[in-house]
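Each remark here refers to the structure printed beneath this line.
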Amino acid sequence: MNKFNKFAAAAAAFALAVTAAGCGAPEAITFGKGTQTALTVDGYEVPAGVFIYNEISAYNNAAYELYSKNGTEPSLDDVKNATIEDLTASEWIQNKATEACRDFVAYEKEFDKIGGSLTAEELDNIKSILAANSSNEMFTENGIGEESLRKVIENSYKQEAIFKHYYGLGCEKGCTEDELKEYFQDKTTRVKYFTVSYKDENGEKYSDEEIRRLDKMIDQYVKDINAEKTNEAKLKKIDECEEEYKEYTDKRAQEAAEKAAKEAGETLTTTTTVTTTTAKGETTTTTTTDPYANEMTVTKYTTTAAEEGSAVTTTASPESQASQKAFQDYNKYIFDKLGYYKAEKYDYDENTVYVIIRADIKERMTDDDLWSESNIESLLSERYYQEFEDMMKGIAESYDANKNSSAYRKFSPFKLKLETEDSAQ
């Protein structure tokens, strides 16, 4: 999902009401003249509908906090009676809604500051999203009208426009295309590999003799791949070696099954494959296959600050820890030790060996492959989105927010309808 389309994420969450409708559910929300504006942020009057929308979103976040803590789905009363970050649930929810409204205003004002405008396509998208959500009971029963919904949806599109203005290619806070390519190349590579297992189809480890046979096959595969004269031929050869290995394992499994059936006094039924030849004059249809179908792009693993500062002890099982270490070692091997276009044998763990070759990622950085417009946008978002959010959060936090106490009392979260008839089913 587009990181900027926060409306879509929130609307999906609203559809998953935590509790079922019960007796005494609140009446539909209505606005009076004194409560049409919930708060004023830096002179911008935030409509009550926008504030309520953010309250419902904050309520869902509160419910998720409790779910994460307790492992069970909370009821409406569970949320209502909870203490979150030393605050009552109502206080926490309204604080989060206020914060979201500050952010909303920051995007509105910054969009105006840069002279932003939405495209005809974006306006059509907004219209479609609005039409699909305006009858949502969670909105209509809480007085969130089409105008407020439109503002919230538009705000998501404005966020993306602001991001592109500052962090697009060649823009004030972004980077050049060459710099973005370097960023991508440093963290991404391509590999082709296939797995050789020291265990049979039943999960039983092979005999020492069979493992020696497999090791000889692996060594020969590596030698055959590296004997090819061109990089393209090497990449093709590894596929041929994989197919050869598959044929070997299939044959071995078949023989094992026939032996087991014979020992049990049973007859094993086998399937015979018939190959047909096309007569002269007939036309056959061939399908062009993806030349990179058997490749993988791999992203360099980096530890986060939290991981680096965490204690050595962990609640993960020894098996999980071993699996994570095996992955990290493999990732480090690819980026730090495996050269380009030189097949190697890699011992992933005690029962698994990879025949692997690394290819140059630059060869696939074309506009119809890995360097498409959508991939460029994703990379920019990956690289700069947190910085962008921090910038906008700084702007939002500089604003004064004057709350309309009457609106805050009237629209206290647990006076809203936080349950729907649909959730009872």
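The values are calculated or read from the model by the stated rules, or taken from the named source; none is laboratory data. Just so we're clear, the structure is a prediction, and the values are computed from it rather than from any experiment. Every residue, glycine among them, receives a Cβ derived from its backbone with ideal geometry; neighbour counts consider all protein chains shown.
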- Can you tell me which residue among Tyr408, Tyr399, Tyr385 is of a type outside the set (D, E, K, R), in the same structural domain as Lys158 (by TED's automatic domain parsing) and either touching a Pro at 6+ places or on another chain (Cβ under 6 Å) or part of a loop (DSSP other than H, G, I, E, B) (or both)? Tyr399
- Message: Looking at Asp369, Asp336, Asp349, can you tell me which residue is out of contact with any Ser or Thr (no Cβ under 6 Å at 6 or more places or on another chain), touching a residue at least 60 places away in the same chain (Cβ under 8 Å) and among the charged types (D, E, K, R)?
- Response: Asp369
- Message: For segment 87-116, give me each residue that is surrounded by fewer than 16 Cβ atoms within 10 Å (Cβ to Cβ) and either part of a helix (DSSP H, G or I) or at pLDDT below 95 (or both).
- Response: Glu91, Asn95, Asp112, Lys113
- Message: For segment 39-90, give me each residue that is basic (Lys, Arg) and more than 25 Å from Gly143 (Cα to Cα).
- Response: Lys69
- Scan segment 153-175 and give yes if some residue there is in contact with a strand residue (DSSP E or B) (Cβ under 8 Å, 6 or more places away or on another chain) and part of a helix (DSSP H, G or I), otherwise no. no
- State yes or no: is Asp208 over 36 Å from the mean Cα position of the chain (by Cα) and charged (D, E, K, R)? yes
- Note on segment 42-65: residues in contact with a Pro (Cβ under 7 Å, 6 or more places away or on another chain) and among the aliphatic types (A, V, I, L, M) are Ala63
- For segment 165-190, which residues satisfy the criterion of being surrounded by fewer than 18 Cβ atoms within 10 Å (Cβ to Cβ) and among the β-branched types (Val, Ile, Thr)? Thr176, Thr188
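Out of the residues in segment 62-76 meeting the condition of being outside any helix (DSSP H, G or I) and in contact (Cβ under 8 Å) with a residue 12 or more places away in the chain, tell me which one is surrounded by the most Cβ atoms within 10 Å (Cβ to Cβ).
Only one residue fits best here, namely Pro74.
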- Message: in the same structural domain as His165 (by TED's automatic domain parsing), modelled with pLDDT under 95 and in a helix (DSSP H, G or I): is that true of Ser57 in this structure?
- Response: yes
